[in-house]
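Down below is the structure, laid out as structure tokens.
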Amino acid sequence: MEISSGNPYVILKEEDNKQYRLFAGYQKKDMYWHRDREDREIKLLSGEMSFQKDNELPVKMEAGSTVFCAANVLHRIIPNESWSPFIIEITFL
């Protein structure tokens with residue numbers, strides 16, 4: 001899958017305050033540290049990944065796991081070791 005949006009994901013669906021993202025076909029350079037403008041809750045729907053906030057150790061996530069990230073907090077998503085696809089649900093708070 002080729003990603004042309006400049007992001008390492010494809011938006012599968014958007015509704016109200018939720019967005020569903022598929023991460024597939026990404027490269028290590030695509031998974032960078034960044035900040036978001038709004039508070040959000042991130043739920044892993046399928047696959048495996050880790051989530052890391054600045055100055056904290058990564059938190060390994062499995063399907064069903066949820067993490068909160070406040071606005072303007074530096075963070076990143078770390079793919080699983082096999083770089084297999086995963087889907088997240090983002091709830092904008």
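The values are calculated or read from the model by the stated rules, or taken from the named source; none is laboratory data. Remember, it's a predicted structure, so these values are computed and weren't measured experimentally. Cβ placement follows ideal geometry from the backbone for every residue including glycine, while neighbour counts extend to all protein chains displayed. The protein model used for the area step is the full one, side chains on, heavy atoms only, and it has no ligands, DNA or RNA in it. Shrake-Rupley method; radii C 1.70, N 1.55, O 1.52, S 1.80 Å.
The smallest convex shape that holds all Cα atoms of the stretch 7-77, its convex hull, gives 96 Å³ per residue.
Pull out the extension gain between Leu74 and Lys18, defined as 0.36 nm times the separation in residues minus the alpha carbon to alpha carbon distance; nm, one decimal. The partial results should precede the final answer.
Working: separation 56, 0.36 × 56 = 20.16 nm, distance 2.09 nm.
Length gained between Leu74 and Lys18: 18.1 nm.
A Gaussian network model of the chain, with springs between Cα atoms under 10 Å, assigns the largest mean-square fluctuation among Arg21, Arg37, Arg76 to Arg37. At full extension, Trp83 and Met31 could sit 17.6 nm farther apart than now, given 0.36 nm per residue minus the alpha carbon distance.
Quick check: net charge around Lys13, other residues with Cβ under 12 Å of its Cβ, Lys/Arg +1 and Asp/Glu -1? All intermediate terms of the calculation are to be shown ahead of the outcome.
On the way: positive: Lys18, Arg21; negative: Glu14, Glu15, Asp16, Glu89.
Around Lys13, the charge tally is -2.
Per residue, the chain exposes 63 Å² of accessible surface when a 1.4 Å probe is rolled over the protein heavy atoms with every protein chain present.
In this structure Asp30 has an accessible area near 40 Å², from a 1.4 Å probe over the protein heavy atoms.
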